[in-house]
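Data first, discussion second: the structure below is written as structure tokens.
The values are calculated or read from the model by the stated rules, or taken from the named source; none is laboratory data. Predicted model only: the values in this text are computed from it and were never measured. Glycine also receives a Cβ, built like all others from the backbone with ideal geometry; neighbour counts cover every protein chain displayed.
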Amino acid sequence: MSEQSNIPKHWLIKKLGEVGEIISGGTPSTKVAEYWNGKISWISPADLSGYVEKFILQGRKSITESGLKNSSARLIPKGSVLFSSRAPIGYVIIAGNELCTNQGFKSIVPNNSILSDYLFYYLKASKQKAEKVASGTTFKEISLKAFSELEIPIPPLPEQQTIVSKIEELLSDLENGKQQLQTARQQLKVYRQSLLKWAFEGKLTNKNVKDGELPTVWKWVTLGDVCQNVEYGSAVKSKKTGKVPVLRMGNIQNGKLDWEDLVFSDDQEEIEKYLLKKGDVLFNRTNSAEWVGKSAQYKGERPAIFAGYLIRINRIKSLIDETYLTYFLNTHFAKSYGNSVRSFGVNQSNINGTKLKTYPIPLCSLDEQQLIVSELESKLTVCDKIEETIRQSLQQAETLRQSILKKAFEGKLINCSI
């Protein structure tokens, strides 16, 4: 359906096939070594994953003249606009020099009716429109014919340049704001770890503690000194549905239990053996280096058991508070100790129950532990609220980016407030 009613009267509506030559790409045979590692830049959609620049000069791979001649790849000139037409649909980039692409692109060599930059931003705004005309079962792809028939509003060239300049001014301001938010998020992460460090150095509850020392009434113990035993979880295969959730390592996120992605068990014997009790502390013992040592406290949210890659720490209640222990196990200090004692297997590392019991823990009275927990939770709650504000602001920034592009191609961006 034409967008004529949404644009200024002096603008035109054309099809993409009318504003330039559309070229598909190709891939030389990967079995022929002489087709590869030449001097011709060859771009695939994978090269644009996470790529934030406006222009591209080369991808991860290149081809030779022989590879070009013996495939459907075609050289396209500098200034051509590349649009990924499958896996995924919607990456857009401008060729910074002569290059070619694989078959995952529909590239436009613009004619003299349109600026490359204007076309670039229009296609950036048109991902959803392109996805609607895509087809396929295994994965969606937009055909050359469907892509060619997509409509584009065309103002006069001077106005195109003005629109591009305004888009770039506003998006630059928006990006600066996003960078500030990302910086604030990183600073918040550092502050969280600093709070935990201060807590277990005694500085949250003792004003005159010297660096590198514990308060005089504190002492170092091992986890084995403050727990009755540690216990591995259930090894029985779980199911997508069932009576009781089985918590796995993926259910421990940022020091808390995440109840979104669950599997279940109907095995009554396993349920009775591994049923969690309120206050149980779970420790993730096996996975990649990033995941080992994550810990969370079960607060009785719903009946659940725990899987074999988790360890339940059966603490001595009169010696250590469960929340104090959970916070400690998520400190940088505890994670660093875990890294020093873990063992390595194929693509994973492991901390067994014996090594877990060697973790050194700074211990104070139960009353002071609970005071520390109270201080931590008060401050971390503020952090959580700030984090949520940052998350919402970043989401609003993305909405605003889409609004800027939408207004631009309706002719409403110039001399208007966003």
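Just to be sure, is Lys203 out of contact with any Phe, Trp or Tyr (no Cβ under 7 Å at 6 or more places or on another chain) and loosely packed, with under 15 Cβ neighbours inside 10 Å? No; evaluated as a whole, the condition is false for this residue. Within the set Leu223, Leu214, Leu247, Leu262, the sole residue that is touching a residue at least 12 places away in the same chain (Cβ under 8 Å), under 23 Å from Pro362 (Cβ atoms) and crowded, with 19+ Cβ neighbours inside 10 Å turns out to be Leu223.
In the set (1) touching a residue at least 12 places away in the same chain (Cβ under 8 Å); (2) over 22 Å from the mean Cα position of the chain (by Cα); (3) farther than 28 Å from Arg192 by Cβ; (4) surrounded by fewer than 16 Cβ atoms within 10 Å (Cβ to Cβ), the condition left unmet by Lys412 is number (1). Tell me, please, whether a residue that is touching a Leu at 6+ places or on another chain (Cβ under 8 Å) and within 23 Å of Ser374 (Cβ to Cβ) can be found in the range 169-187. Checked the range 169-187: no residue is touching a Leu at 6+ places or on another chain (Cβ under 8 Å) and within 23 Å of Ser374 (Cβ to Cβ). One residue alone among Lys78, Lys54 is farther than 24 Å from Lys132 by Cα and within 24 Å of the chain's Cα centre (by Cα), and that residue is Lys54. When the range 303-320 is filtered for residues that are over 26 Å from Val341 (Cβ atoms) and touching a strand residue (DSSP E or B) at 6+ places or on another chain (Cβ under 7 Å), the ones remaining, listed by number, are Pro303, Ala304, Ile305.
Filtering the range 175-193 to residues that are more than 11 Å from Leu394 (Cα to Cα) and either in contact with a strand residue (DSSP E or B) (Cβ under 8 Å, 6 or more places away or on another chain) or without any contact (Cβ under 8 Å) to a residue 60 or more places away in the chain (or both) leaves Asn176, Thr183, Gln186, Gln187, Lys189, Val190. Mind listing whichever residues of the range 89-122 are under 24 Å from Leu68 (Cβ atoms) and among the acidic types (Asp, Glu)? Residue satisfying the conditions is Glu98 alone.
Inside the range 292-302, residues that are within 15 Å of Leu257 (Cβ to Cβ), assigned to a loop (DSSP other than H, G, I, E, B) and touching a strand residue (DSSP E or B) at 6+ places or on another chain (Cβ under 6 Å) make up a count of 1.
Residues in the range 298-305: is at least one of a type in the set (Asp, Glu) and farther than 22 Å from Tyr191 by Cα? Yes, the range 298-305 contains a residue that is of a type in the set (Asp, Glu) and farther than 22 Å from Tyr191 by Cα. For the range 368-390, the criterion of a residue being closer than 30 Å to Tyr121 by Cβ and outside the structural domain of Asn229 (by TED's automatic domain parsing) is satisfied by at least one position. Please enumerate the residues belonging to the range 1-37 that are acidic (Asp, Glu), assigned to a loop (DSSP other than H, G, I, E, B) and at pLDDT 95 or above. Within the range 1-37, no residue meets the criteria.
The residues of the range 303-325 that are over 15 Å from Thr222 (Cα atoms), assigned to a loop (DSSP other than H, G, I, E, B) and touching a residue at least 60 places away in the same chain (Cβ under 8 Å), listed by number, are Ala304, Gly308, Tyr309. Looking across the range 265-311 at every residue that is surrounded by fewer than 21 Cβ atoms within 10 Å (Cβ to Cβ) and among the hydroxyl-bearing types (Ser, Thr, Tyr), the one that is nearest to Tyr327 (Cα to Cα) is identified as Tyr298.
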